[in-house]
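J.: One structure follows; several queries about it will come next.
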Amino acid sequence: MAHIDTILAQGGNGSDDQKTGAVVAPIYFSTAFRHPGLGESTGFDYARLQTPTRQILEKQLAEIEYGDNAFAVSSGMAAIDLLFSTFLKKGDNFITSDDLYGGSFRYFDDLVEKNGIDYYLWDGTDFNYLKQKINSKTRLIWLETPSNPTMKIIDIKKVADFVHKIDSKILVAVDNTFLSPILQNPIKLGADLVVHSATKYLGGHNDILAGVVVSSRSELSKSLQENLITRGQVLDPFSCWLLLRSLKTLSLRVQRHSGSAQYIAKALTKINGVDKILYPGLGGMISFYLSDGYDTDKFLQGLKLFSFAESLGGAESLITIPSIQTHHDMSQQRRNELGITDNLVRVSVGLEDKDDLLDDLKQAIKGAK
């Protein structure tokens, strides 16, 4: 297997050799495909089932996550829905790490209310508690690491080994959105399934809405494929092509994001007005608490380079206030327990000059006093 940088840069090259020799894969917009004859197929029958552009993308996504197959869908939440609707049914339960994207909790609560599927929260470290919560109806362990927004790290390999020793049929699934395949490969660490909001680092330009599920083995792939055909939340050809284009620079972008974030996280420890830094040591995401007496809205109004917006992983640096944006549906008590207070700031470090970004944060924090 080639190195990941080579796989990404070569994505789609050679896919059109028999026609034009195009280096960049073409876009196939067609929703219908001619059959050579009765009972015969070119391998493409109808766009909900598969398209040439999506096939190229999914092959590359599976390869860079060391999976058996990948499924490109219409959003990150669509990816979560595909996974959960495939492997859980009424009466089942699952265990999830306790700090997650707020939309995941909203979806989980909907599973409880409408589908009779229960879940338990786990802090990611207490393995005695995890063992107590696993029972005959447990089908899945759901991890997000680093977590959103408090950047908790969970040892994927330790969890996978521990859970599979108890019951090899229990699936371990990891949301790998924050680190991407460049910095973390959950399947190599023992996970069964990987999910991405491809809107974020995989897309990387704040212009694609997409999601990905990667399966580690063929029987999981078959189940996901059958469910996807039924549910139909597939990614359209143009978005597939844009994502293929974006993946070519993924490694370069992630290295820049991560290097700048490391620099800024270190510098923030010396700035008046910053109480505490939450940074896992790699990746482009930082969270920090503004000190008492500093006004969050004044801080936001003072920003000149950072945009106050709900996303991450793009070229442009973004600031999010989780308590009023990504996690607003969560109860105040639950947010407080997790440390998601109104002065918690989540930073997506973009591709701008790191000193320019740091200067912007400094002057905005100073003006918030």
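J.: Just need a number here: residues in segment 266-308 that are part of a loop (DSSP other than H, G, I, E, B) and either within 17 Å of the chain's Cα centre (by Cα) or touching a residue at least 60 places away in the same chain (Cβ under 8 Å) (or both).
T.: Within segment 266-308, residues that are part of a loop (DSSP other than H, G, I, E, B) and either within 17 Å of the chain's Cα centre (by Cα) or touching a residue at least 60 places away in the same chain (Cβ under 8 Å) (or both) number 13.
J.: Answer yes or no: is there a residue in segment 148-164 that is outside any helix (DSSP H, G or I) and buried (at least 23 other Cβ atoms within 10 Å of the Cβ).
T.: Scanning segment 148-164, I find at least one residue that is outside any helix (DSSP H, G or I) and buried (at least 23 other Cβ atoms within 10 Å of the Cβ), so the answer is yes.
J.: Okay, next question. Please name all residue pairs, on different chains or six or more residues apart, with Cβ atoms under 7 Å, provided the first residue is in segment 192-205 and is more than 17 Å from LEU252 (Cα to Cα) and the second residue is of a type in the set (D, E, K, R) and part of a strand (DSSP E or B).
T.: Within 7 Å, the pairs are VAL195/ASP175.
J.: Let me ask another. Scan segment 25-39 and report the pairs whose first residue is farther than 11 Å from THR51 by Cβ and whose second residue is assigned to a loop (DSSP other than H, G, I, E, B), with Cβ atoms within less than 7 Å and a gap of 6+ or a chain change.
T.: Listed by first residue and then by second, the contacts come to ALA25/GLY12; ALA25/SER15; ALA25/ASP16; PRO26/ASP16; HIS35/SER41; PRO36/THR42.
J.: Separate question: For the list (1) out of contact with any Phe, Trp or Tyr (no Cβ under 6 Å at 6 or more places or on another chain); (2) farther than 16 Å from LEU179 by Cα; (3) buried (at least 19 other Cβ atoms within 10 Å of the Cβ); (4) not charged (D, E, K, R), I need the number of the one condition that VAL274 fails.
T.: Exception for VAL274: condition (1).
J.: Test of understanding: among ALA70, ALA32, which residue is among the aliphatic types (A, V, I, L, M) and surrounded by fewer than 17 Cβ atoms within 10 Å (Cβ to Cβ)?
T.: Step by step, each of ALA70, ALA32 is checked, and only ALA32 is among the aliphatic types (A, V, I, L, M) and surrounded by fewer than 17 Cβ atoms within 10 Å (Cβ to Cβ).
J.: Considering only residues that are touching a Leu at 6+ places or on another chain (Cβ under 9 Å) and of a type in the set (Val, Ile, Thr), look in segment 262-320 and name the one that is nearest to ALA368 (Cα to Cα).
T.: Checking each candidate, the answer is THR296.
J.: What is the residue count in segment 93-127 for residues that are touching a residue at least 40 places away in the same chain (Cβ under 8 Å), buried (at least 17 other Cβ atoms within 10 Å of the Cβ) and not in a loop (DSSP other than H, G, I, E, B)?
T.: Within segment 93-127, residues that are touching a residue at least 40 places away in the same chain (Cβ under 8 Å), buried (at least 17 other Cβ atoms within 10 Å of the Cβ) and not in a loop (DSSP other than H, G, I, E, B) number 9.
J.: Checking the structure you have, find out if any residue of segment 169-183 is closer than 25 Å to GLU310 by Cβ, out of contact with any strand residue (DSSP E or B) (no Cβ under 8 Å at 6 or more places or on another chain), not assigned by TED's automatic domain parsing to the domain that holds ALA315 and not aliphatic (A, V, I, L, M).
T.: yes
J.: Of all residues being assigned to a loop (DSSP other than H, G, I, E, B) and of a type outside the set (A, V, I, L, M) in segment 128-147, which is nearest to GLN325 (Cα to Cα)? Just the residue, please.
T.: Among them, the one singled out is SER147.
J.: Tell me yes or no: at least one residue of segment 290-309 is assigned by TED's automatic domain parsing to the domain that holds GLU352 and closer than 21 Å to ILE153 by Cα.
T.: No; the residues of segment 290-309 include none that is assigned by TED's automatic domain parsing to the domain that holds GLU352 and closer than 21 Å to ILE153 by Cα.
J.: Do we have any residue at all in segment 79-92 that's touching a Lys or Arg at 6+ places or on another chain (Cβ under 8 Å), assigned to a helix (DSSP H, G or I), in the same structural domain as ILE229 (by TED's automatic domain parsing) and of a type in the set (Ser, Thr, Tyr)?
T.: The answer is yes, given that some residue of segment 79-92 is touching a Lys or Arg at 6+ places or on another chain (Cβ under 8 Å), assigned to a helix (DSSP H, G or I), in the same structural domain as ILE229 (by TED's automatic domain parsing) and of a type in the set (Ser, Thr, Tyr).
J.: Let me ask something else about it. Does at least one position in segment 346-354 carry a residue that is more than 30 Å from MET77 (Cα to Cα) and surrounded by 14 or more Cβ atoms within 10 Å (Cβ to Cβ)?
T.: So far as segment 346-354 goes, yes, one or more of its residues are more than 30 Å from MET77 (Cα to Cα) and surrounded by 14 or more Cβ atoms within 10 Å (Cβ to Cβ).
J.: Ok, one more. Against the condition over 20 Å from THR230 (Cα atoms) and of a type in the set (Gly, Ala, Ser), how does GLY39 come out, does it pass?
T.: Yes, satisfied.
J.: Looking at (1) crowded, with 21+ Cβ neighbours inside 10 Å; (2) in contact with a Ser or Thr (Cβ under 7 Å, 6 or more places away or on another chain); (3) assigned by TED's automatic domain parsing to the domain that holds ARG48; (4) of a type outside the set (Asp, Glu), can you tell me which one PRO186 breaks?
T.: Only one criterion is unmet by PRO186, namely (2).
J.: Take VAL213 and decide whether it is of a type in the set (A, V, I, L, M), without any contact (Cβ under 8 Å) to a residue 40 or more places away in the chain and crowded, with 17+ Cβ neighbours inside 10 Å.
T.: no
The values are calculated or read from the model by the stated rules, or taken from the named source; none is laboratory data. Predicted model, so just to flag it, every value in this text is computed and none were measured. Cβ: placed from backbone, ideal geometry, glycine included. Neighbour counts: every protein chain shown.
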